[in-house]
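Engineer: Below is a structure I'd like to ask you about.
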Amino acid sequence: MTEPLLRAINTGKIYPGGIEALRNANLTIEKGEFVCLIGASGCGKSTLLRMIAGFETPTSGQIVMRGREVSGPGPDRGMVFQDYGLFPWLTVRGNIAFGPIARGKPKAEAAETAARFVSMMGLDRFADSYPHQLSGGMKQRVAIGRVLANDAHLALMDEPFGALDAMTRERLQEELLTIWRATGLSVVFVTHSLEEAILLADRVVVMSPGPGRIVAEERISLERPRDVSSPAFNDIRRHLASLLHTDHEKEAA
């Protein structure tokens, strides 16, 4: 048995004031796997993602990445936010080259890396543009390219397409799957959308609030590309919706 890429082991988080955001989360991510976290607001999805990223420390349990406990942020884990998180004073090329330069790569090598991922993200015409000159979809392409240029093994995506219009969102979903297949990147993707989770994921992890916890995991065995209107797709959607609603009703009771 090979060591999983990442494990969350009995992971919990209690914020000051006694607010329990997450309780006893156990999650395994294998190399090359695409996992979606779904659940209502307050179920701990983003808290778990931020602990995996190393931005927050678990109150209990641990996060282990490639056999080592996570103690802070690292280039092996790249975060993609809904609000892009780009440096406004850097161009597209500069944003993508930032990670390699910060890690001490020679400027020529960083420039070559940036050029490769600018091209991969379809941004050649905008390489010298600044974030304020880009559409939302282009900004998110830059954010994804920046993660890839930093040699990340795991991309952590916190509702990255949530602020985009429906057509741009659909196009970026397709592009993300293309990049994921081409690079072998592992992805943990937070979303509120059941359709998005089923469309993208190898496995969907269902979370529930009060406190945040993992209540179910469902492997999605549909062949790609997936048809959101197919009976099989909608059977899975109904099943996941029932898991979310049943647990919400238990919590309300």
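The values are calculated or read from the model by the stated rules, or taken from the named source; none is laboratory data. Just so you know, these numbers come straight off a predicted model, no measurement behind them. Ideal geometry is used to build each Cβ from the backbone, glycine not excepted, and the neighbour counts take in all protein chains shown.
Engineer: How many residues are buried (at least 20 other Cβ atoms within 10 Å of the Cβ) and farther than 23 Å from Pro16 by Cα when one looks only at the stretch 31-64?
Structural biologist: Here the count works out to 6.
Engineer: Further question: Could we say that Val147 is in contact with a Leu (Cβ under 9 Å, 6 or more places away or on another chain), farther than 21 Å from Gly32 by Cβ and not in a loop (DSSP other than H, G, I, E, B) here?
Structural biologist: Criteria not met by Val147.
Engineer: Just the residues that are surrounded by 18 or more Cβ atoms within 10 Å (Cβ to Cβ), within 14 Å of Phe233 (Cα to Cα) and either without any contact (Cβ under 8 Å) to a residue 40 or more places away in the chain or charged (D, E, K, R) (or both), please, taken from the stretch 170-201.
Structural biologist: Glu196, Leu199
Engineer: Sticking with this one: Free of Cβ contacts under 8 Å to residues at least 40 places away in the same chain and either more than 16 Å from the chain's Cα centre (by Cα) or at positive phi (or both) - does that describe any residue in the stretch 38-51?
Structural biologist: no
Engineer: If you don't mind, another one. Please enumerate the residues belonging to the stretch 143-169 that are over 18 Å from Phe55 (Cα atoms) and either among the aliphatic types (A, V, I, L, M) or over 14 Å from the mean Cα position of the chain (by Cα) (or both).
Structural biologist: Residues satisfying the conditions are Ile144, Leu148, Ala149, Asp151, Ala163, Leu164, Asp165, Ala166, Met167, Thr168, Arg169.
Engineer: I would also like to ask the following. Which residue out of Ala232, Ala155, Ala216 is at pLDDT 90 or above and assigned to a helix (DSSP H, G or I)? Walk me through it before giving the result.
Structural biologist: Details: Ala155 fails: assigned to a helix (DSSP H, G or I); Ala216 fails: assigned to a helix (DSSP H, G or I).
Checking each option against the conditions leaves just Ala232.
Engineer: Then there is this: May I ask you to list the residues in the stretch 108-158 that are among the charged types (D, E, K, R), free of Cβ contacts under 8 Å to residues at least 60 places away in the same chain and over 14 Å from Asp83 (Cβ atoms)?
Structural biologist: Glu109, Glu112, Arg116, Asp124, Arg125, Asp128, Arg141
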